[in-house]
Protein chains: 2
Amino acid sequence: MNDPEFIVVGAGLAGLAAARALTAAGRQALVLEARDRVGGRLLNHTWSDGHVGELGGQWIGPTQDHALRLVRELGLELYPSYETGTHLAYRRGRLRRFRGETFGLPPWGLLDGLVAQRRLEAMARAVPLEAPWSAPRARAWDGQTLESWLRRHMRTRVGYEFFRAVCTAIFCAEAEDVSLLHFLFYVRSGRSLDQLLRLRGGAQESRVVGGSQRIALALAEQLGERVITGAAVDAIEQGEDGVVARCTGGAVHRAARVIVTLPPPLAARIRYSPALPGLRDQLTQKLAMGSVIKCMARYPQPFWRDAGLSGFAISVERPVNVIFDNSPHGGGCGVLLGFIEGREARALGELAPADRRALVLENFASYFGERARAPLEYEDKDWSQDPWTRGCYGAHFAPGVWTQFGAALRRPCGRVHWAGAETAAVWSGYMDGALRSGERAAQEVLA
Amino acid sequence: MNDPEFIVVGAGLAGLAAARALTAAGRQALVLEARDRVGGRLLNHTWSDGHVGELGGQWIGPTQDHALRLVRELGLELYPSYETGTHLAYRRGRLRRFRGETFGLPPWGLLDGLVAQRRLEAMARAVPLEAPWSAPRARAWDGQTLESWLRRHMRTRVGYEFFRAVCTAIFCAEAEDVSLLHFLFYVRSGRSLDQLLRLRGGAQESRVVGGSQRIALALAEQLGERVITGAAVDAIEQGEDGVVARCTGGAVHRAARVIVTLPPPLAARIRYSPALPGLRDQLTQKLAMGSVIKCMARYPQPFWRDAGLSGFAISVERPVNVIFDNSPHGGGCGVLLGFIEGREARALGELAPADRRALVLENFASYFGERARAPLEYEDKDWSQDPWTRGCYGAHFAPGVWTQFGAALRRPCGRVHWAGAETAAVWSGYMDGALRSGERAAQEVLA
């Protein structure tokens with residue numbers, strides 16, 4: 001095979017979208033993927049009966065136009081996430097039933113939450129997505145943690161705890177890990193807090209029939225031999241004529257330019273020659289991946305629906321923060337999906353698998369009854385243990401990072417360009433953002 | 001050469017101290033160093049006339065017992081840092097002269113600073129050095145940036161700015177980069193804020209005749225062939241029988257255990273097999289190096305002394321935060337040393353070398369007159385550009401890191417043990433801490 005014009009490191013959505021755009025422009029691109037599969041943070045799981053679920057990212061929602069268009073173009077189908085019926089919330093030893101978006105909060109907590117939401121949304125509107133550091137109050141907002149803001153502005157304990165849970169649900173990181181400016185950027189990047197949190201009308205609205213990884217698999221199929229799996233890029237050397245990418249196994253690829261799509265903390269682990277500028281290197285030192293264990297249990301039927309329950313349950317006090325009905329399209333079985341996030345993910349990450357399974361099922365049973373304790377199958381994935389991802393959903397920005405290092409996020413370093421969900425201005429951290437970032441990087445190298 | 005019992009990665013003070021302790025115990029250790037020199041963040045610079053200065057860490061002070069003892073044992077000599085005369089502070093367009101430790105602050109700013117110092121010192125005393133996360137108020141202190149605390153508690157603008165400058169002087173990072181808990185840990189680790197900041201009686205009290213790197217050079221000389229330079233460890237594989245360390249050039253070394261002494265963000269860039277536990281990996285994602293450019297200018301004489309000036313000058317408004325008389329032992333020439341730290345280091349790191357030199361000398365001249373503008377020689381080093389360090393003085397902890405990830409800082413991962421100045425409980429971040437950490441890790445692998 002002749003040398004391609006462009007090398008893309010990573011066959012997640014960003015890398016595949018970049019290669020697709022380059023190919024569509026009639027140019028040659030080669031995607032190098034460390035894993036023996038494509039999809040990155042998208043990962044289907046096939047149950048023993050043939051049904052498919054996802055251990056990685058899975059949802060698509062309105063305004064995620066790049067993802068929606070791609071799904072259509074690939075001939076894939078979407079179906080709505082299930083949310084019919086009554087939701088559950090556990091708090092202070094009691095199970096509370098609720099509908100709509102009250103999250104089971106008492107009236108004063110709800111009011112507190114709504115006031116805070118309005119304030120945060122108003123602040124978020126002042127954050128320029130392409131340059132959050134240029135917001136009028138950027139220094140002040142980036143000088144503090146989200147936790148500091150919540151401690152100062154929330155008037156009720158439940159409202160405070162609710163927003164902490166919102167933070168872990170969005171970032172898989174605690175409110176003390178995240179800069180207030182980053183939280184505001186992220187809210188604006190995903191349109192609004194409501195849109196980030198909602199199923200219907202929000203980022204969790206739709207699922208892909210057959211599992212979200214099918215998007216990546218379909219893209220890879222179109223790219224054919226242009227995607228090489230099991231090719232971990234270890235070193236990237238830039239010269240006057242082009243770049244050389246060296247893989248751990250010894251394979252060497254040459255091209256004019258390279259697009260690195262790995263999350264910044266992992267992009268840092270490639271050896272670059274000449275060394276990257278200090279600002280870029282230090283940016284990658286500053287960004288860290290969230291912590292999450294995604295847990296799924298499969299049952300003969302979604303039995304909770306018979307009891308009028310939606311399968312959606314939340315608690316700020318329990319290791320499993322949030323639970324969804326994640327049953328596959330077309331019925332045939334029922335699946336509950338639980339997220340263990342942030343601090344809890346690290347605590348439960350230390351447990352033996354059997355102990356973690358028991359604890360999660362105990363949690364499920366506390367909402368949905370004893371039948372939930374005995375699934376046909378159980379599967380979970382702690383993304384911090386995955387050597388090619390090292391945490392999910394993505395990398396978050398601590399205080400001071402956007403205002404001091406943000407300018408290096410997308411700025412190319414010679415012939416090395418940067419993509420990945422973290423580099424997206426719109427829908428940063430989501431599949432849609434990953435696609436946008438890959439397309440943006442493809443335009444960059446073509447220009 | 002037979003396989004050693006122990007491999008030490010990194011020939012900075014931590015690694016050399018570990019190898020020394022192992023050798024002293026009659027055991028075989030091999031030190032692998034990526035650079036073509038030993039010393040890590042210690043780096044002598046020899047001026048054209050043969051005088052020696054330091055572009056890296058340089059000072060030793062009281063209670064740094066491990067460093068003081070080692071200097072004595074190696075037959076090296078210390079001499080006092082120069083601080084005779086009047087100090088200078090630039091603020092609001094005016095140059096102010098001061099003596100003692102008022103830092104040129106007006107009385108109300110000084111009072112504000114002293115009150116804050118007392119509060120912070122009292123809080124610091126509640127931080128257990130071996131486990132900062134177990135401080136009674138750890139969660140609250142680790143939930144906020146130092147910046148948030150300063151905004152809330154400083155009563156004057158000058159006091160606030162002064163403490164921000166203290167932060168950059170200590171960490172080469174801004175107050176928004178650093179967790180309040182980390183600041184308190186660091187203050188206690190270095191005994192007190194006074195001790196961190198002082199020359200006489202503090203961490204900047206003494207210098208090593210011939211330059212601080214002589215400590216590393218002397219240790220390496222004693223270790224002889226046990227130190228291999230130009231050996232960048234790229235991968236570490238653990239098996240049942242021991243470890244294998246692979247270097248980029250292809251060299252392979254085997255041992256029973258390995259001590260990795262790199263700063264955590266750089267230790268993350270080694271490929272470990274099997275992959276390290278998620279908690280450890282995410283800790284390394286969370287720690288980042290500070291940003292500093294160390295600048296030195298050599299003159300025929302320390303002419304400022306004739307004017308009654310100590311050579312010590314500070315400003316929170318200028319790119320060069322702090323200036324010292326850094327003339328070599330025994331006279332013969334005069335050297336001014338300036339530190340550009342944190343945000344300023346990144347701004348000036350983007351300048352062409354000649355422009356940066358001009359700006360620094362302009363700064364020197366504004367304190368010490370026109371003669372300072374025309375040195376015999378000028379030299380600076382931006383540590384963020386150094387691929388084997390990627391920032392100085394060391395790694396700092398953002399909010400949430402100590403309380404969520406701190407337990408992984410020193411915890412061995414199978415046959416892989418951790419040392420380096422960042423892992424020290426006492427004098428963390430200093431030469432003394434580096435030595436303590438190496439000695440501690442040596443005891444660990446021997447046990």
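The values are calculated or read from the model by the stated rules, or taken from the named source; none is laboratory data. Computed from a predicted structure; not experimentally measured. All Cβ positions, glycine included, derive from the backbone under ideal geometry; neighbour counts span all protein chains shown.
For the list (1) surrounded by fewer than 20 Cβ atoms within 10 Å (Cβ to Cβ); (2) within 14 Å of chain B (Cβ to nearest Cβ), I need the number of the one condition that A:D142 fails.
Checking A:D142 against (1) surrounded by fewer than 20 Cβ atoms within 10 Å (Cβ to Cβ); (2) within 14 Å of chain B (Cβ to nearest Cβ), the one that fails is (1).
Among the residues that make up segment A:284-304, is at least one of them in a loop (DSSP other than H, G, I, E, B), more than 14 Å from every other protein chain (Cβ to nearest Cβ), surrounded by fewer than 24 Cβ atoms within 10 Å (Cβ to Cβ) and touching a Ser or Thr at 6+ places or on another chain (Cβ under 7 Å)?
Within segment A:284-304, one or more residues are in a loop (DSSP other than H, G, I, E, B), more than 14 Å from every other protein chain (Cβ to nearest Cβ), surrounded by fewer than 24 Cβ atoms within 10 Å (Cβ to Cβ) and touching a Ser or Thr at 6+ places or on another chain (Cβ under 7 Å).
Name every residue in segment B:1-36 that is surrounded by fewer than 17 Cβ atoms within 10 Å (Cβ to Cβ) and under 18 Å from B:W383 (Cα atoms), in order of residue number.
B:D36 - this is the single residue of segment B:1-36 that is surrounded by fewer than 17 Cβ atoms within 10 Å (Cβ to Cβ) and under 18 Å from B:W383 (Cα atoms).
Is at least one residue of segment A:344-363 touching a strand residue (DSSP E or B) at 6+ places or on another chain (Cβ under 7 Å), free of Cβ contacts under 8 Å to residues at least 60 places away in the same chain, of a type in the set (G, A, S) and assigned to a helix (DSSP H, G or I)?
Scanning segment A:344-363 turns up at least one residue that is touching a strand residue (DSSP E or B) at 6+ places or on another chain (Cβ under 7 Å), free of Cβ contacts under 8 Å to residues at least 60 places away in the same chain, of a type in the set (G, A, S) and assigned to a helix (DSSP H, G or I).
Filter segment B:124-139 down to residues that are hydrophobic (A, V, I, L, M, F, W, C) and within 14 Å of chain A (Cβ to nearest Cβ) and give me whichever is surrounded by the most Cβ atoms within 10 Å (Cβ to Cβ).
This residue is B:A138.
Quick check on segment B:145-167: of everything there that is within 11 Å of another protein chain (Cβ to nearest Cβ) and of a type in the set (S, T, N, Q), which residue is nearest to A:S179 (Cα to Cα)?
Checked segment B:145-167; the qualifying residue nearest to A:S179 (Cα to Cα) is B:T145.
Criterion first (within 14 Å of another protein chain (Cβ to nearest Cβ), out of contact with any His (no Cβ under 8 Å at 6 or more places or on another chain) and either surrounded by fewer than 16 Cβ atoms within 10 Å (Cβ to Cβ) or more than 20 Å from B:C167 (Cα to Cα) (or both)) does B:A352 satisfy it?
yes
Restricting to strands (runs of 3 or more DSSP E) lying wholly in segment B:197-282: which have 1 or more residues that are within 28 Å of B:G75 (Cβ to Cβ) and either of a type outside the set (F, W, Y) or within 14 Å of chain A (Cβ to nearest Cβ) (or both)?
Per the criteria, B:206-208, B:257-260.
Mind telling me which of the residues B:N321, B:N326, B:N363 ends up being more than 14 Å from chain A (Cβ to nearest Cβ) and modelled with pLDDT under 95?
When all the criteria are applied, what remains is B:N321.
Which one of the conditions (1) surrounded by 24 or more Cβ atoms within 10 Å (Cβ to Cβ); (2) within 13 Å of another protein chain (Cβ to nearest Cβ); (3) in contact with a Leu (Cβ under 8 Å, 6 or more places away or on another chain); (4) of a type in the set (A, V, I, L, M, F, W, C) does B:C392 fail to meet, given that it meets all the rest?
Tallying (1) surrounded by 24 or more Cβ atoms within 10 Å (Cβ to Cβ); (2) within 13 Å of another protein chain (Cβ to nearest Cβ); (3) in contact with a Leu (Cβ under 8 Å, 6 or more places away or on another chain); (4) of a type in the set (A, V, I, L, M, F, W, C), B:C392 fails exactly one: (3).
What number of residues within segment B:393-435 are outside any loop (DSSP other than H, G, I, E, B) and within 20 Å of the chain's Cα centre (by Cα)?
Of the residues in that region, 14 qualify.
On the given criteria, is B:G338 within 30 Å of B:A419 (Cα to Cα), in contact with a Phe, Trp or Tyr (Cβ under 8 Å, 6 or more places away or on another chain) and either in contact (Cβ under 8 Å) with a residue 24 or more places away in the chain or within 11 Å of another protein chain (Cβ to nearest Cβ) (or both)? Step through it out loud before you land on a result.
Values: within 30 Å of B:A419 (Cα to Cα): yes; in contact with a Phe, Trp or Tyr (Cβ under 8 Å, 6 or more places away or on another chain): yes; either in contact (Cβ under 8 Å) with a residue 24 or more places away in the chain or within 11 Å of another protein chain (Cβ to nearest Cβ) (or both): yes.
Yes: the conditions hold for B:G338.
Looking only at residues in segment B:153-175 that are touching a strand residue (DSSP E or B) at 6+ places or on another chain (Cβ under 8 Å) and within 17 Å of B:Y393 (Cα to Cα), which one is surrounded by the most Cβ atoms within 10 Å (Cβ to Cβ)?
B:A173
One line per residue, one yes/no per condition, for (1) within 20 Å of A:E422 (Cβ to Cβ); (2) crowded, with 18+ Cβ neighbours inside 10 Å; (3) in contact (Cβ under 8 Å) with a residue 24 or more places away in the chain; (4) not assigned by TED's automatic domain parsing to the domain that holds A:V322:
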{"position": "A:L184", "(1), (2), (3), (4)": "yes, yes, yes, yes"}
{"position": "A:R191", "(1), (2), (3), (4)": "yes, yes, yes, yes"}
{"position": "A:Q222", "(1), (2), (3), (4)": "no, no, yes, yes"}
{"position": "A:A231", "(1), (2), (3), (4)": "no, yes, yes, yes"}
{"position": "A:E237", "(1), (2), (3), (4)": "no, no, yes, yes"}
{"position": "A:V260", "(1), (2), (3), (4)": "yes, yes, yes, yes"}
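Got a number for residues in segment A:1-15 being part of a loop (DSSP other than H, G, I, E, B), of a type outside the set (G, A, S) and touching a strand residue (DSSP E or B) at 6+ places or on another chain (Cβ under 9 Å)?
4
Only one of B:T23, B:T63 is closer than 22 Å to B:V244 by Cα, polar (S, T, N, Q) and outside the structural domain of B:E377 (by TED's automatic domain parsing). Can you tell me which?
B:T23
Could you pull out the residue among A:G75, A:G56 that is at pLDDT 95 or above and at positive phi?
Values: A:G56 fails: at positive phi.
Going through A:G75, A:G56 in turn, just one is at pLDDT 95 or above and at positive phi: A:G75.
Do we find that A:V209 is touching an Asp or Glu at 6+ places or on another chain (Cβ under 6 Å) and at pLDDT 95 or above in this structure?
It is true that A:V209 is touching an Asp or Glu at 6+ places or on another chain (Cβ under 6 Å) and at pLDDT 95 or above.
Can you name every residue in segment A:179-196 that is in a loop (DSSP other than H, G, I, E, B) and of a type in the set (S, T, Y)?
A:S192
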